[in-house]
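Values quoted throughout were computed directly from the atomic coordinates according to the rules given, and no laboratory measurement underlies them. Because the structure is a prediction, the values reported are computed rather than measured. Cβ sites come from the backbone with ideal geometry, for glycine too, and all protein chains shown count toward neighbours.
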Amino acid sequence: MASGSDIEKDGKIQEHRRHQTFRNHLNKATIYLFWGITASLMLGIFTYAWHMITPESAHYLTQQQFDKLQTVLVAAIVSSSLRAYVDQRMK
């Protein structure tokens with residue numbers, strides 16, 4: 001028959017495994033989210049640059065879509081810049 005300390009020790013080990021498994025899943029989800037956002041931002045920047053440097057006949061976005069893309073990219077860049085400034089000042 002198992003002693004009380006063995007059961008407690010096993011319980012702590014199992015709890016640690018559950019906690020670590022959750023942390024591993026959360027870490028993977030965060031990494032996937034980061035790379036998804038990064039890829040989307042890079043695609044947006046490429047699309048914006050394409051529409052800026054090519055003739056109008058090579059454009060594949062409507063003016064309304066291009067304006068929306070510009071708004072999203074400017075917002076992302078400004079918020080990132082402000083975040084970096086605030087982080088620097090908060091240290």
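Converting phi to 3J(HN,Hα) with the Karplus coefficients 6.51, -1.76 and 1.60 and the offset θ = phi - 60°, the stretch 69-76 yields 4, 4, 4, 5, 5, 4, 4, 5 Hz in sequence order, with x at every glycine or proline.
Under 29 Å of direct C-alpha separation, and excluding same-chain neighbours fewer than eight residues apart, Lys9 reaches these lysines: Lys28. Evaluated with a Cβ-only charge set (Lys, Arg +1; Asp, Glu -1), the chain carries a dipole of roughly 260 debye about its Cα centre, given to the nearest 20.
Values of log10 I(q)/I(0) for the stretch 14-66 across q = 0.27, 0.31 Å⁻¹ run -0.96, -1.08, by the Debye formula with one identical scatterer at each alpha carbon and no solvent.
Comparing Ala39, His51, Gln65 along the charge dipole axis of the chain, the residue lying farthest to the positive side is Ala39, per the Cβ-charge model. Every Cα-Cα pair of the chain was included, and the share exceeding 23 Å stands at 57 percent.
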